[in-house]
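Okay, structure first, notes after.
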Amino acid sequence: MEDEANRVTINSVLKLVFNFMKIPSLKPSHTLSDLALGESGILEDFDMPQTTAEHLMNLGFVPGLEILVARSGPGGNPRVYRVDGTEVALRRDLSRCIAVRPLRNAEAEMR
Amino acid sequence: MSLPVSIPRTVLSPKPTDGSPVYKSVAVVGPPNAGKTTLFNRLTGLRQKVGNFPGVTVEHHTGSFRLDSGEEVSLIDLPGVYSLNPKSEDEKVTIDVLNGEMPGAERPDAIILVLDSNNLNRHLVLAGRVIALGLPTLVLLNMADELHKQGGQVDVLPLARQLGTPVALVSAVTGEGLHAVANFLVATPQIPEPLELPIFGDPRHCREWAVRMGSQASYRRGATPEWTRRLDSIFLHRLWGGLIFVVVIVAVFQTIFSLGQPASDILQKLLDGFAVHLSNWLPAGLINSLVVNGVWKGAGSVLVFLPQILLLFLVIGILEDSGYLARAAVISDKVMAKVGLNGKSFIPLLSAYGCAVPAIMATRTIENKRDRIATILIAPFMTCSARLPVYTMVIAAFIPDRPVLGPVVGTRAVAMLSLYVLGFAMAVATAKALKSSVLRSRDVAFVMELPPYRWPRWKSLGLRLMDRANAFIFRAGTVILAVSIVLWGLTYLPMHNGQPPQIADSAISKIGHFIEPAILPLGFNWRIGVGLLSSFAAREVIIATMGTLHGVDPVSHAMALQDALKSDLSPAGAIALLVFFAFAMQCMSTMAVVQRETNSWKWPILQFLYMTTVAYVAAFVAYRVTLLYWN
């Protein structure tokens, strides 16, 4: 409990410093928003308030799990994602804050 | 990340099984969409009531479960939670009740935890947290019928050994396995301490623990039903999805308008007819007037809402239980996002065009508290059906009918349409202002779980309708009745020789005279003031009041009343009156229902002050501007 709290603090301090120095190193190279309809990826990290991240994790967005862009709403926003056996709709602004490692098609098919 | 947990041994020791309950009060806990409410309804049936804890908007149900011995155990249905972190109000209520820290609620003796057996990998995480509270717990893996149908399976015994609690695979819909509840309540089985429970820890560890628990119980999740995906490929189709949405919405409101409004009208006629009999039967005098014009009219103004409330909730209930409501929210989200709200506000706001009262009750489907309050606050700006008779009368009296666009669209139609646009524009402006300031969502506005499509169950729909009707009649209804009686007192007192006063001598007209200086800048005289005061009972009441003030029957002599109105209002005053009605919250039923839904007087009072101020300022501007161009 305690060291978890510390880790969060260090993380957020680092993030502040990096942001202040305008170092883009913490910017994930791929976000959920970059995946096209039908593509999938492995969830990696959340760049959002703790409450929101926890809510997403309760809905099955756990780092390490595979996520698939299942459907697209009108105008491509919101989109529906399939993860851990459930489908959840997210807006683009939120999906841009979720880092993923895209799976190549062959890799995705094997899973 | 797992910590050892000690569970008091006493609660795990066997109890004598003479059929009497071991526990007196039991809390039903579980994540949203796990069938918790269905289970609660199944266990308690009609022996339940709804309540609010002091100071929170979250509602809870209490009920009693009858054992074979005839003895009853009280059950409390707590808000659905995913975790036990006190982040949301729902979670805080659940935690406080479970810890015995909620004023007005005793700490439960035991917990029935309801999980969806189709989602154990996620839901078992909650089991770890709940069992760690140390209360005797029964874990029900619900929706067994769906699990089996879709080829899934789970062994409850290894799971029970791991968790240290009894575990049963049940279906709240079919009743399968539910004898486990009675067994649990009369005798706690001897179960060794749990092997390991995660209490705190990062979600990845918790989930790994849940998956490990599941695999030791040979858990295999069923496949997502194929027809859910097939239906979604139609309902969420880029083109067809939107079209079907429009068709569904039109069908919903066609149903409500074509059935609800006539039903309300018939009910009103019956109530009025009975009032005549009541009045003839009672001896003339104060009591007669109080009973007929105060109590009966007040009760009637509560009851006439029922057909529309029941219809709207029936339709929304079908949409919600079938799973379509979540899809509709996805489709309408893009439009609602433009005013800072989300797709879940769409249907409540649309139904506010019929009546704000059921619309505000329908905001319950919005989980985000801030979005819900914002939706409640803007709903009464939508042009409800009670404004229509007022608009029709004033427009007919003051606006000459001239063609604007061809022979069909005339000045009167344009005036009517402008009033609709005016209300809508103010709702949008208010929503934007609220969502960018006091009600800005700290949380993310739109995360929407899409449950599989299911057939709605009549029983659970019926129970919910009864629940809503009860909540409206007994909670909001009492306020409406009280205000009706006060308005009666102002209109019919003081009596002279057993006769009510001429309305010009009544208390309400004294108040009308008193407020005249305040409304004179809007172009209103004291008669209009009395009309405005009386319209607080319901907007259209102003027509009857103006009729009484002028001694004209508004139904049989509509033209005469329109002429009489011209002695009260200049054309500019009439425009101001229309604008005032478009914005003002002249509806005690709406206020009562806002109070009931937010469980506080703060919101309805703020809303009333805000809407009245907007109405006053806008009417003043409208009056002045119209004076410049049209006199």
Exercise for the section: Report whether or not A:Leu37 is more than 8 Å from chain B (Cβ to nearest Cβ), of a type outside the set (Val, Ile, Thr), part of a loop (DSSP other than H, G, I, E, B) and farther than 14 Å from B:Glu449 by Cβ. Expected result: yes
Exercise for the section: Scan the strands (runs of 3 or more DSSP E) fully inside region A:51-90 and keep the ones with 1 or more residues being in the same structural domain as A:Pro102 (by TED's automatic domain parsing) and surrounded by fewer than 19 Cβ atoms within 10 Å (Cβ to Cβ). Expected result: A:66-72
Exercise for the section: Determine which member of the set B:Ser567, B:Ser556 is at pLDDT below 85, farther than 28 Å from B:Thr365 by Cβ and of a type in the set (S, T, N, Q). Expected result: B:Ser556
Exercise for the section: Any residue in region B:87-103 that's at pLDDT 80 or above: show its pairings with residues that are assigned to a helix (DSSP H, G or I) and among the acidic types (Asp, Glu) at Cβ separation under 6 Å, as long as the two are six or more apart or on different chains. Expected result: B:Met102/B:Asp96
Completion exercise
Going through region B:598-620 in order, the residues found to be touching a helix residue (DSSP H, G or I) at 6+ places or on another chain (Cβ under 8 Å) and buried (at least 17 other Cβ atoms within 10 Å of the Cβ) are B:Thr598, B:Trp603, B:Pro604, B:Gln607, B:Phe608, B:Met611, B:Val614, B:Ala615, B:Tyr616, B:Ala618, B:Ala619, B:Phe620
Practice task
Evaluate the following for B:Ser436: is it touching an Asp or Glu at 6+ places or on another chain (Cβ under 8 Å), away from every other protein chain (no Cβ under 14 Å) and closer than 30 Å to A:Phe61 by Cβ?
Solution key: no
Completion exercise
When B:Arg221 is run through (1) of a type in the set (Lys, Arg); (2) surrounded by fewer than 16 Cβ atoms within 10 Å (Cβ to Cβ); (3) in contact (Cβ under 8 Å) with a residue 60 or more places away in the chain, the failure sits at (2)
Fill in the blank from the handout: Among the residues of region B:128-153, the number that are within 21 Å of A:Val83 (Cα to Cα) and among the small types (Gly, Ala, Ser) is 2
Problem - Output for region A:41-72, where each listed residue is within 7 Å of chain B (Cβ to nearest Cβ), closer than 24 Å to B:Ala34 by Cα and not charged (D, E, K, R) - result: A:Thr51, A:Thr52, A:His55, A:Leu56, A:Met57, A:Asn58, A:Leu59, A:Gly60, A:Val62, A:Pro63
Completion exercise
The lone condition B:Leu577 fails out of (1) touching a residue at least 24 places away in the same chain (Cβ under 8 Å); (2) surrounded by fewer than 22 Cβ atoms within 10 Å (Cβ to Cβ); (3) within 35 Å of the chain's Cα centre (by Cα) is (2)
Exercise for the section: Restrict the check to region B:411-432 and report whether at least one residue is surrounded by fewer than 18 Cβ atoms within 10 Å (Cβ to Cβ), of a type in the set (S, T, N, Q) and within 22 Å of the chain's Cα centre (by Cα). Expected result: no
Completion exercise
If we ask which residues in region B:316-347 are more than 12 Å from chain A (Cβ to nearest Cβ) and in a helix (DSSP H, G or I), their number turns out to be 12
Practice task
Provide a single number: the residues in region B:223-250 that are more than 10 Å from chain A (Cβ to nearest Cβ) and part of a helix (DSSP H, G or I).
Solution key: 13
Completion exercise
Going through region A:73-89 in order, the residues found to be within 7 Å of another protein chain (Cβ to nearest Cβ) and among the small types (Gly, Ala, Ser) are A:Gly73, A:Gly75, A:Gly85, A:Ala89
Problem - Meets criteria (surrounded by 12 or more Cβ atoms within 10 Å (Cβ to Cβ), under 22 Å from the mean Cα position of the chain (by Cα) and assigned to a helix (DSSP H, G or I)) for B:Phe253 - result: yes
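The values are calculated or read from the model by the stated rules, or taken from the named source; none is laboratory data. Being a predicted model, the structure only gives us computed values, none of them experimental. Every residue, glycine as well, gets a Cβ built from its backbone with ideal geometry; the counts of neighbours run over all protein chains shown.
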